[in-house]
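First comes the structure, then the notes that go with it.
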Amino acid sequence: MAARFEIDAGFIAEQNRRAQAWLDEDYEHLAGQLRRRKVEIEALTARAQAFRVAVPSWGVGTGGTRFARFPGPGEPRDVYEKLQDCGTILQLVRSTAAVSLHIPWDRPEDARELREFARGRGLHFEPMNSNTFQDQPAQPLSYKFGSLSHTDPAVRRQAVEHNLECLRLGMKLGARSHTVWVGDGGNFPGQVHLRKALERYLDSLREIYRVLPEGWRLFIEHKLYEPAFYSTVLNDWGTSYHCVRELGERAFSLVDLGHHAPNVNIEMIVARLIQFGKLGGFHFNDSKYGDDDLDSGSIKPFQLFLIFNELVDAEQARIPAFDPAYMLDQSHNVTDPIESLMTSAGELARAYVQAHLVDRGRLAEHQEGNDALLALLSLKQAFHTDVEPILAMARHRAGGAIDPLGVYRSSGYRQRAAQARPAAARLGAGIV
Ligand code: RM4
Ligand code: MN
Ligand code: MN
């Protein structure tokens, strides 16, 4: 376990003092603009402060492509160092108190100690993630041809047992949800019996669901393709919806933005799952062609806004039991992961706040009156509003940084991390 080298609170305060005058000016200006639209800025700032998104433990290290991984300096070498980095992200942006752990990558020797370590940094764990898309050293049976849907019952049992271990560990760590993503599928037509494989998968999930601890939610994550390139067992939201309905009321579909074909209308999938009471949460990221792990909002910010438009619409309509869990799931290959995660958390908060700017009464009128253009423009007006002063003020009031990236870069955190975490001992974990 490495020594503490967190950013000093006094340093953040000093940087904030320098930025304060401009922030106040911009905030006042925006408040005036919004007042003309009959929007109270303080209500939006309160929403920005309420926004929460979990950071993936696997996101603080450099990811990798199918071809190579180019590690950056000072990467975390174990779960404690990952939590240090998550603590730094939280310190600066304030919206990321939850950390999503991936087992066995993050399996602790002592769960109680890990929980305490997290608590000391204002962090907690949510949700857990199992990994049956990779073989581990000393693992008796291979997942090469699948896990929860494998043709061999012994492999399925091993995969179920691994998920049960995640639940037990999660209980000790104070988590209350578990996400299952499997890489099961086929590379060749005919390789997998499509119906039988889904039935086996569902049977395995039933065993996990049966022992889901009280008060917990189970999330299942669909993915169109990869690592299987011809067919995937849980390939789309419809199949996911079928499965969670079969499982029971504590099972929900999780939407990973990058797990769809290009140009799929993800906001409509979100609306459907909300309507059917089965939206569990998100893995936020972005995608252009086939990669599922680019930074949130970096490629299609309007799509991100439209997704949040559905979410805020449901929130304001007080849809019963609507409580999606927000997580980031990104792979950082060419950026400092801490910078990417902070920026992405900001992009999500931006879309969330912008979605509150939609005049829903007017929009409903345009929809009723079939005025397609004004309906679009009422969304565009919200999307085009620069809400950065609101996000900065929300961070500042919550004790974070007005300019997280600027403070992070001038703090020397990465340089200290590089010294304290020599490269030789670094783990080579990647991301799928
Ligand atoms: C997968 C999927 C899962 C994540 C792994 C690492 O593509 O998105 O959520 O756990 O990657
Ligand atoms: Mn994911
Ligand atoms: Mn993914």
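The values are calculated or read from the model by the stated rules, or taken from the named source; none is laboratory data. A quick note: this is a predicted structure, and the numbers were derived from the prediction, not measured. With ideal geometry, Cβ positions are generated from the backbone for all residues, glycine too; neighbour counts draw on all protein chains shown.
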Some residue of the range 107-120 being within 16 Å of ligand 1 (Cβ to nearest atom), among the acidic types (Asp, Glu) and assigned to a loop (DSSP other than H, G, I, E, B):
no
Among the residues of the range 171-182, is any within 16 Å of ligand 2 (Cβ to nearest atom), in contact with a strand residue (DSSP E or B) (Cβ under 6 Å, 6 or more places away or on another chain), of a type in the set (Ser, Thr, Tyr) and over 18 Å from Asn235 (Cα atoms)?
yes
Going by what's in this entry, would Phe219 be described as outside any helix (DSSP H, G or I), within 16 Å of ligand 1 (Cβ to nearest atom), hydrophobic (A, V, I, L, M, F, W, C) and more than 30 Å from Leu123 (Cβ to Cβ)?
no
Inspect all residues belonging to the range 283-300 and state whether any of them is in a loop (DSSP other than H, G, I, E, B), under 27 Å from Trp216 (Cβ atoms) and of a type in the set (D, E, K, R).
yes
Can you tell me which of (1) more than 18 Å from Ala50 (Cβ to Cβ); (2) surrounded by 24 or more Cβ atoms within 10 Å (Cβ to Cβ); (3) within 16 Å of ligand 3 (Cβ to nearest atom); (4) not polar (S, T, N, Q) is the one Leu304 doesn't meet?
(3)
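Tell me yes or no: at least one residue of the range 301-318 is within 16 Å of ligand 1 (Cβ to nearest atom) and within 22 Å of His222 (Cβ to Cβ).
no
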Find all pairs meeting these conditions: Cβ atoms under 7 angstrom apart; at least six residues apart or on different chains; first residue within the range 46-72 and under 14 Å from Leu101 (Cα atoms) and more than 16 Å from ligand 2 (Cβ to nearest atom); second residue at pLDDT 95 or above and among the small types (Gly, Ala, Ser).
none
Please go through the range 326-348 and pick out each residue that is within 12 Å of the chain's Cα centre (by Cα) and farther than 18 Å from Phe51 by Cβ.
Ser331
Within the range 273-282, how many residues turn out to be assigned to a helix (DSSP H, G or I) and either at pLDDT below 95 or touching a Phe, Trp or Tyr at 6+ places or on another chain (Cβ under 6 Å) (or both)?
0
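Please indicate, with yes or no, whether at least one residue in the range 316-328 is among the charged types (D, E, K, R) and in contact with a strand residue (DSSP E or B) (Cβ under 8 Å, 6 or more places away or on another chain).
Here is the first cut: in the range 316-328, the residues among the charged types (D, E, K, R) are 318, 323.
If we keep only those that are in contact with a strand residue (DSSP E or B) (Cβ under 8 Å, 6 or more places away or on another chain) as well, we get none.
There is no residue in the range 316-328 that is among the charged types (D, E, K, R) and in contact with a strand residue (DSSP E or B) (Cβ under 8 Å, 6 or more places away or on another chain).
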Subset of the range 320-348, residues within 15 Å of ligand 1 (Cβ to nearest atom) and in contact with a Lys or Arg (Cβ under 7 Å, 6 or more places away or on another chain), comes to Tyr326
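Yes/no matrix, rows are residues, columns are (1) over 24 Å from Arg409 (Cβ atoms); (2) surrounded by fewer than 22 Cβ atoms within 10 Å (Cβ to Cβ):
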| site | (1), (2) |
| --- | --- |
| Gly61 | no, no |
| Arg66 | yes, yes |
| Gln91 | no, no |
| Arg94 | no, no |
| Ala97 | no, yes |
| Leu101 | yes, no |
Looking at the range 248-261 only, could you name the residues that are in a loop (DSSP other than H, G, I, E, B) and within 15 Å of ligand 3 (Cβ to nearest atom)?
His260, Ala261
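Can you tell me how many residues within the range 228-255 are among the aromatic types (Phe, Trp, Tyr), more than 19 Å from Ala197 (Cα to Cα) and surrounded by fewer than 23 Cβ atoms within 10 Å (Cβ to Cβ)? Spell out how you get there, then give the answer.
So the first thing to find is which residues in the range 228-255 are among the aromatic types (Phe, Trp, Tyr), and the list is 229-230, 237, 241, 252.
Filter again for more than 19 Å from Ala197 (Cα to Cα), leaving 252.
Restricting the remaining residues to those that are surrounded by fewer than 23 Cβ atoms within 10 Å (Cβ to Cβ) gives none.
Within the range 228-255, residues that are among the aromatic types (Phe, Trp, Tyr), more than 19 Å from Ala197 (Cα to Cα) and surrounded by fewer than 23 Cβ atoms within 10 Å (Cβ to Cβ) number 0.
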Given the residues Glu315, Glu347, Glu339, which is the only one that is touching a Phe, Trp or Tyr at 6+ places or on another chain (Cβ under 9 Å), without any contact (Cβ under 8 Å) to a residue 40 or more places away in the chain and more than 16 Å from ligand 2 (Cβ to nearest atom)?
Glu315
Which residue pairs have Cβ atoms under 9 Å apart, sit 6 or more places apart or on different chains, and have a first residue in the range 182-197 that is free of Cβ contacts under 8 Å to residues at least 24 places away in the same chain and a second that is β-branched (Val, Ile, Thr)?
His193/Thr151; Lys196/Thr151
Of all residues in the range 178-193 being surrounded by 15 or more Cβ atoms within 10 Å (Cβ to Cβ) and of a type in the set (A, V, I, L, M, F, W, C), which is farthest from ligand 1 (Cβ to nearest atom)?
Val192
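If you check Arg200, Arg206, which single one turns out to be surrounded by 15 or more Cβ atoms within 10 Å (Cβ to Cβ), more than 23 Å from Pro127 (Cα to Cα) and among the charged types (D, E, K, R)? Give the steps one after another, and end with the answer.
Numbers: Arg206 fails: more than 23 Å from Pro127 (Cα to Cα).
Just one listed residue meets the conditions, Arg200.
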Residues in the range 326-381 that are farther than 19 Å from Gly63 by Cβ and within 16 Å of ligand 3 (Cβ to nearest atom) total 1
Given the criterion touching a Phe, Trp or Tyr at 6+ places or on another chain (Cβ under 7 Å) and more than 15 Å from ligand 2 (Cβ to nearest atom), identify the matching residue among Ala228, Ala251, Ala261.
Ala251
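For the range 203-216, give me each residue that is closer than 23 Å to Pro324 by Cβ and either within 13 Å of ligand 1 (Cβ to nearest atom) or not acidic (Asp, Glu) (or both). Step through it out loud before you land on a result.
The first filter runs over the range 203-216 and keeps only residues closer than 23 Å to Pro324 by Cβ, leaving 205, 208-209, 212-216.
Those that are closer than 23 Å to Pro324 by Cβ and either within 13 Å of ligand 1 (Cβ to nearest atom) or not acidic (Asp, Glu) (or both): Leu205, Ile208, Tyr209, Leu212, Pro213, Gly215, Trp216.
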So which residues in the range 217-247 are within 16 Å of ligand 3 (Cβ to nearest atom) and without any contact (Cβ under 8 Å) to a residue 40 or more places away in the chain, if there are any at all?
His222, Leu224, Asp236, Trp237, Ser240
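Among the candidates Gly59, Gly64, which residue alone is small (Gly, Ala, Ser) and touching a Pro at 6+ places or on another chain (Cβ under 8 Å)?
Result: Gly59 is the single residue among Gly59, Gly64 that is small (Gly, Ala, Ser) and touching a Pro at 6+ places or on another chain (Cβ under 8 Å).
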